[in-house]
Amino acid sequence: MSWGDDADRDQTVELRALAHPVRLRILSLLTGADLTAAEIARELDLTHANASYHLRHLLASGLIEVAGEERIRGGVAKRYRYDVTGDLDRPDRPVPEGAPPDPQQRLVYAALAAELRRRSAAMRRSQRNYLADAELWLDPDAWSEIRDRIAEASDDLHRAARPPRSAGTVKISATVALFRMAEQPR
């Protein structure tokens, strides 16, 4: 895929879909299990209509897919799935190198920051918790190697995800935002 008008439109739709905290939570749920709108509504304490609304936006953006359909109480319910390998800002996604983020991409980071604030209210102290923050200068090769290792660990987390409230699981939060920064004039 080349970076052009169609790619710009596709990315804009994805960014708009991601720039909402409820949709980020839905993506997290769909990482561990294929779920229906009703199951998502129950887990997130939403109305069925509200869950369906957000699922339609995520489906239209291509961030989720229909994993199947099943008969429930005389009707048909769709099960949705999220494939994390389609995420924006992954090393394998084509982007114009060095271009500044557009306002919609910044909305995604703002939504992630809001979601992190919400999750931190539910944090439980533990020696297994981990927090790191840095604004550093790195050799480009070191940056690429470290970014790839962290991306691999993030993929491992997503692959290990289980359905909400599964026996023997613990609820965790993981937010990773690695990006190259513009150099500020002195």
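Quick check, is ALA49 small (Gly, Ala, Ser), part of a strand (DSSP E or B) and either in contact with a helix residue (DSSP H, G or I) (Cβ under 9 Å, 6 or more places away or on another chain) or open to solvent by less than 20 Å² (accessible area, probe 1.4 Å) (or both)? Against the criterion (small (Gly, Ala, Ser), part of a strand (DSSP E or B) and either in contact with a helix residue (DSSP H, G or I) (Cβ under 9 Å, 6 or more places away or on another chain) or open to solvent by less than 20 Å² (accessible area, probe 1.4 Å) (or both)), ALA49 does not qualify.
Take the residues in the stretch 120-149 that are charged (D, E, K, R) and more than 26 Å from MET181 (Cα to Cα); name whichever of them is surrounded by the fewest Cβ atoms within 10 Å (Cβ to Cβ).
To start, the set of residues in the stretch 120-149 that are charged (D, E, K, R) comprises 124-125, 128, 133, 135, 139, 141, 145, 147-149.
With the extra rule that they be more than 26 Å from MET181 (Cα to Cα), the set shrinks to 124-125, 128.
On the way: ARG124: 9, ARG125: 6, ARG128: 8.
Result: ARG125.
Of note, ARG125 does not satisfy the criterion of being modelled with pLDDT under 90, of a type outside the set (Phe, Trp, Tyr) and under 25 Å from PRO21 (Cβ atoms).
Considering the conditions (1) modelled with pLDDT under 95; (2) in a helix (DSSP H, G or I), GLY98 is excluded by exactly one of them, (2). Residue count for the stretch 150-174 under the criterion of being of a type outside the set (A, V, I, L, M, F, W, C), out of contact with any Gly (no Cβ under 9 Å at 6 or more places or on another chain) and exposed (fewer than 12 other Cβ atoms within 10 Å of the Cβ): the result is 6. Only a single criterion out of (1) part of a helix (DSSP H, G or I); (2) modelled with pLDDT under 90; (3) not small (Gly, Ala, Ser) is not satisfied by LEU59, namely (2).
When the test is whether a residue is closer than 22 Å to LEU116 by Cα and part of a helix (DSSP H, G or I), ILE150 passes it. Looking at the stretch 10-24, is at least one residue among the hydroxyl-bearing types (Ser, Thr, Tyr), in a helix (DSSP H, G or I) and at pLDDT 90 or above? Within the stretch 10-24, none of the residues are among the hydroxyl-bearing types (Ser, Thr, Tyr), in a helix (DSSP H, G or I) and at pLDDT 90 or above.
The values are calculated or read from the model by the stated rules, or taken from the named source; none is laboratory data. This structure is a prediction, so every number in the text was calculated from the model and none was measured. In this analysis, Cβ positions are derived from the backbone assuming ideal geometry, glycine residues included, and neighbour counts consider all displayed protein chains. Remember, those area values only see protein heavy atoms, side chains included, never the ligands or the DNA or RNA. Shrake-Rupley method; radii C 1.70, N 1.55, O 1.52, S 1.80 Å.
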